[in-house]
Amino acid sequence: MEQLFKECCDFIDAEYKRLGHTLGYRFFLCPQRLLNPQTKILYLGLNPGGNEELLEHPRTSCEDGTAFFTESWKGKTPGTENLQVQTQLLFEKLRNHLGIHGMTTRGFADSHILSAYFIPFRSSSWKTLPKKTESIKSANKLWGKIFSYWMPTHIITLGRDNYNQIEKFLLKNNFTALHIQNIKADWGSYCHKVRTFYREGQTVYLGNLLHLSRYSIMDKAKYVPAVDAFLTKIHLS
């Protein structure tokens, strides 16, 4: 798996230069050791945000621990930026649903969840991502390579765009899909969604949550039942 990780990093660096990106890139938000057959959960953001690259934030992996706990984002104390806090609360729920005790939520994340970006190239917003079509194609090649060696049983995506890309990949690669289960998020008309895929004895649960950077749903009682229903439907209970 170390060789696979190196090949992926080399590919990202080459694509970054080829496509003319200028704001840096990020790949894993966790230690690279999480890329192994024992890791079952993939937590996938769309792409890194921001207007500049911070040198203290590593490009390829976070060997000091999962970035949602360890890094300073937007000038805040490490682990206190809103997306970090929302993600920590989600990871705590994942740990509880799995019945894993005797470790902290950070310890659970550092040993059980591969956190990464689908598209590694940074942009200030999704709308302003340069060479978007080509960047999506590049990301599909990257994750296609990873999934040929490692397929998680549970994939949780933030936002629809990366969910749609993973869904297309699974369908193109001979997975049979059940109907999409929509779970009302209790935020307007928005829904979380879960879809189950099967292939030759493999089962993959693909789930899509409202993006936690925009929708603070983890620390408000009104939205928690929908999140619990989501985790139950992807069989994390």
query: For the range 85-174: lysine pairs with Cα atoms under 24 Å, gap of 8 or more or different chains, count?
result: 18
task: First compute the accessible area of the chain with a 1.4 Å probe, then give the percent of it belonging to carbon and sulfur atoms.
output: 50
Distant-in-sequence amide H partners of residue 211 (H built 1.01 Å from N, under 5 Å): 159
Label point distance in nm, residue 169-residue 190, each placed 7 Å from Cα along Cα→Cβ: 2.4
statement: Counting Lys and Arg as +1 and Asp and Glu as -1 over every other residue whose Cβ sits under 13 Å from the Cβ of residue 179, the net charge comes to +2
Under 14 Å, Cβ to Cβ, from residue 103 - net charge with Lys/Arg +1 and Asp/Glu -1: 0
- prompt: According to a simple spin-label model (label point 7 Å from Cα along Cα-to-Cβ), what is the distance in nm between residue 63 and residue 219?
  reply: 3.2
query: FRET efficiency for residue 229 and residue 40, Cβ-Cβ distance as r, R0 = 22 Å, nearest 0.05?
result: 0.60
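Find the accessible area per residue for the range 69-116; the probe is 1.4 Å, ligands and nucleic acids are left out, and the unit is Å².
Accessible area per residue, the range 69-116: 44 Å².
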task: Can you give me the P(r) profile for the range 1-112? Cα pairs, bins 5 angstrom wide beginning at 0, each as a whole percent.
output: 2, 11, 19, 24, 19, 14, 8, 2, 1, 0
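In the chain, what % of DSSP beta bridges are antiparallel (nearest 5)?
Antiparallel: roughly 50 percent of the beta bridges in the chain.
Please work out how much length the chain gains when fully extended from residue 131 to residue 14, using 0.36 nm per residue of separation minus the C-alpha to C-alpha distance, in nm with one decimal. Before the final figure, lay out the partial values.
Numbers: separation 117, 0.36 × 117 = 42.12 nm, distance 1.47 nm.
Contour length minus the Cα-Cα distance gives 40.7 nm.
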query: Could you state the per residue volume, in Å³, of the convex hull enclosing the Cα atoms of the range 1-40?
result: 72
message: If you average the C-alpha positions of the range 202-237 and of the range 24-81 separately, how far apart do those two centres end up, in angstrom?
response: 21
query: Local charge sum around residue 19 (other residues, Cβ-Cβ under 13 Å, Lys/Arg +1, Asp/Glu -1)?
result: +4
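The values are calculated or read from the model by the stated rules, or taken from the named source; none is laboratory data. Here the structure is a predicted model, which means the values were calculated and not measured. Counting neighbours? That spans all protein chains shown, and the Cβs are built from the backbone with ideal geometry, glycine included. In case anyone asks, the SASA skips ligands and DNA or RNA and just uses the protein heavy atoms, side chains included. Shrake-Rupley method; radii C 1.70, N 1.55, O 1.52, S 1.80 Å.
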